[in-house]
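A quick write-up on the structure given underneath.
Please treat every number below as a calculation from the coordinates, not as lab data. Here the structure is a predicted model, which means the values were calculated and not measured. Here the Cβ positions follow ideal geometry from the backbone for every residue, glycine too, while neighbour counts run over all protein chains shown.
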Amino acid sequence: MSLTSSIVSPADRLPRSAIAGVTFLELIGALALLTILFSIGVSSFQTARHATALSSAVEVVGEVLLRGRWMAINSGSRRIVVVSPPYKLSIQDPTGKELQSADLGIYGVKLSSAPTAKLTFDGRGFLSPTKAISITLTNPQDATKTVTVLPLGRIQVL
């Protein structure tokens, strides 16, 4: 008797229906695993989306501040950047007329500023009065970034 003829494969021992498909428990286990992986992925996606929105909002705030400074230098007169929490930034001329504005509501990011909500750039582009002013941006997950305008008109992001 040869050795190969006495070995029985697992397929020969099981009924044909057990070989052809998956069991209900295997299916439930696979679905449970997919559900866990999906929930982890959604959480990571939300975190990344909020972080990206915060970075984009910081860019918009920097652009509005630089544009206000640039407008003051080009016109040779004061320009005022008004921070209107929770979402709006606007550039005004000395009479209070709004020249441009930006709404951060589309990013879901809230603004707060200290010590004042108005940043005045003189005709040379310097902050008046000469005191650094910070604007804090907060996303829905309470992550924050701070944009600081230095007395010489430079902008720092922390």
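In this structure, R78 does not qualify as over 19 Å from P151 (Cβ atoms), surrounded by 13 or more Cβ atoms within 10 Å (Cβ to Cβ) and basic (K, R).
With a requirement of 2 or more residues that are within 16 Å of G153 (Cα to Cα), the strands (runs of 3 or more DSSP E) lying completely within region 40-118 that satisfy it span 79-84.
Let's see how each residue does on (1) charged (D, E, K, R); (2) farther than 18 Å from W70 by Cα:
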residue: V83; (1), (2): no, no
residue: Q100; (1), (2): no, no
residue: L104; (1), (2): no, yes
residue: G108; (1), (2): no, yes
residue: K145; (1), (2): yes, yes
residue: P151; (1), (2): no, no
residue: V157; (1), (2): no, yes
